[in-house]
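The values are calculated or read from the model by the stated rules, or taken from the named source; none is laboratory data. Just so we're clear, the structure is a prediction, and the values are computed from it rather than from any experiment. Note that each Cβ is placed from the backbone with ideal geometry, even for glycine, and that neighbours are counted across all protein chains shown. The area values use the complete protein model at the heavy-atom level, side chains included, leaving out ligands, DNA and RNA. Shrake-Rupley method; radii C 1.70, N 1.55, O 1.52, S 1.80 Å.
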Amino acid sequence: MQQFRVTVRPQAPEYEIKIGPGHLRRLGNEARRCLGRTARRVAIISNPQVFELYGARAIESLRAKDFLVSAWLMGDGERFKSIRVLNQALAFLSKAGLERNDAVVALGGGVVGDLAGFAAAIYLRGIALIQVPTTLLAQIDSSVGGKTGVNLASGKNLVGAFHQPRVVVIDTETLLTLPAREVTAGRCELVKQGAVGSRKLFDLTVSSLRKSNSDHRVIRSSPQLEQLIAAHCAFKASIVAGDEREALDRADHRSRRILNFGHTVGHALEAVTGYRRFRHGEAVGYGMLVAGELSKTLGLLEVSELELLREAVQLCGSLPAAGDLDQREIVDLIRHDKKRLDGYVQWVLLERVGRARIVSGREIKPRELRASLRIVLQ
Ligand code: NAD
Ligand code: GLY
């Protein structure tokens, strides 16, 4: 019998992340460089708040490079990251006449980036995507690595696709207009990546947070900020390069799953409050502290290391109160988390600051979890 051999090389083509002040003015150049001469149309997906601030600059830059630009605005907030809104976005792409060699530009925070990215992933079975993240969280995390998707009523990010952008354009000046709570949320994600990345990344993060608490411009726009964002993007890129699709059989300290540090409790806090009380990063702030307590209880993490984590989260800014929340409800939500493996939640814990350890929920007693929640949330 004749046999055939087919080789599939799944690694996505590499792409660049451009970071600097005023980079929105270079969007057209970057788009033309990575899309080539044949691309004619780009469709911007944004929201009213971000578009009002930065839409005109983006359009001007794209038109200057001969793109036909159309724009569509989704509602502002996590609740709009839904199948219903995705459907509207797809209808817009079709009406705008986008063809296979055209592109979607996601202009906004993680909500816009995730939904627009998913629309680009499935429209005509996938067209080019350009991420233009405008929140700190999106600049260091969600715009890099290709995870896109929307929420279901039963949980966050339950539908989606891996779809890498062609380029990520980070204009650090956009952070100048970011509301204070969004800065806190982004800082929590900085601490998260430092805590699981390396002691060097963690220390760089903490020293930037300290400086920015005495001079607010540091975390909004400065060469130090650009260096910090670049260090975090480089870390995330290194994890994604080694485990692009978060392989089920990876549970080592460089697997993509470590990026979910703080998310098990974080997602439960968001859900238990109907996505109304916490910004995503704020919930992750609490989630990291609970994971730190659990790590200590299981004998993985020294008290002195836990103290470093606590100090770092404190430097991010104040988090909304959580003492009134029903801890049994939170435990229940965690136990029924849709992203279990073999029936158990996979916890990302710490062995030390800068090194994660994946631990199956099987190893964690409910009373240990309840005790950690009590210590952190009250
Ligand atoms: P967001 O997108 O809701 O933005 C936060 C708020 O800031 C919004 O009101 C937005 O309009 C506003 N905003 C954005 N940029 C602004 C600017 N420059 N000036 C003034 N206002 C601005 O929230 P987020 O924190 O950016 O993203 C959270 C989302 O990201 C969640 O849905 C989360 O699940 C997702 N996420 C995805 C990944 C991934 O890998 N794909 C990673 C982390 C988080
Ligand atoms: N933010 C988690 C990931 O990109 O894998």
Can you pull out the trypsin sites (Lys or Arg not before Pro) in region 297-378 that DSSP calls coil and that have at most 13 other Cβ atoms within 10 Å? 338
Leading residue at positive end of dipole, region 1-95 (Cβ point charges), from 21, 94, 61: 94
Can you give me the angle between helix 263-272 and the longest principal axis of the chain, using Cα atoms only, in degrees from 0 to 90, rounded to the nearest 10? 80 degrees
Which whole-angstrom value gives the distance between the alpha carbon centres of region 53-125 and region 250-264? 30 Å
Charge sum, other residues only, whose C-beta stays under 12 Å from residue 314's C-beta, Lys/Arg counted +1 and Asp/Glu -1: +1
Cα shape, region 1-89, gyration tensor, a/c 1.5 rule: oblate
Can you give the accessible area of residue 177 in Å² (nearest 10), computed on protein heavy atoms with a 1.4 Å probe? 70 Å²
Identify which of 336, 263, 163 has the largest mean-square fluctuation in a Gaussian network model of the chain, with springs joining Cα atoms closer than 10 Å. 336
Could you state the angle between the C-alpha long axis of helix 48-63 and the longest principal axis of the C-alpha atoms of the chain, as a value from 0 to 90 degrees rounded to the nearest 10? 40 degrees
Which one, 169, 376, 292, is farthest towards the positive end of the dipole of the chain when Lys and Arg carry +1 and Asp and Glu -1 on their Cβ? 169
Considering only protein heavy atoms and a 1.4 Å probe, what is the carbon-and-sulfur percentage of the accessible area of region 126-210? 56 percent
Among DSSP beta bridges whose residues both lie in the chain, state the antiparallel percentage, nearest 5. 35 percent
Of 144, 353, 69, the one that fluctuates the most in a GNM where the chain has Cα springs shorter than 10 Å: 69
Dipole of the chain, positive end: most advanced residue of 281, 139, 82 [Cβ charges, Cα centre]: 82
Taking R0 as 51 Å and r as the Cβ-Cβ distance between residue 49 and residue 6, the FRET efficiency 1/(1 + (r/R0)^6), rounded to the nearest 0.05, comes to 0.60
Helix 180-197 versus the longest principal axis of the chain: what is the Cα-based angle in degrees, 0 to 90, to the nearest 10? 70 degrees
Counting other Cβ atoms within 10 Å, which trypsin sites (Lys or Arg not before Pro) in region 225-274 have at most 13 and lie in a DSSP loop? 245
For region 130-151 and region 294-324, what is the separation of their Cα centres, given in Å? 26 Å
Residue by residue through region 232-248, which ³J(HN,Hα) values in whole Hz follow from phi under the Karplus form 6.51 cos²θ - 1.76 cosθ + 1.60 (θ = phi - 60°), with glycine and proline marked x? 6, 5, 5, 4, 4, 4, 5, 5, 5, 4, x, 7, 4, 10, 6, 4, 5
Count the DSSP beta bridges whose two residues both fall in region 104-180, then state the antiparallel fraction as a percent rounded to the nearest 5. 40 percent
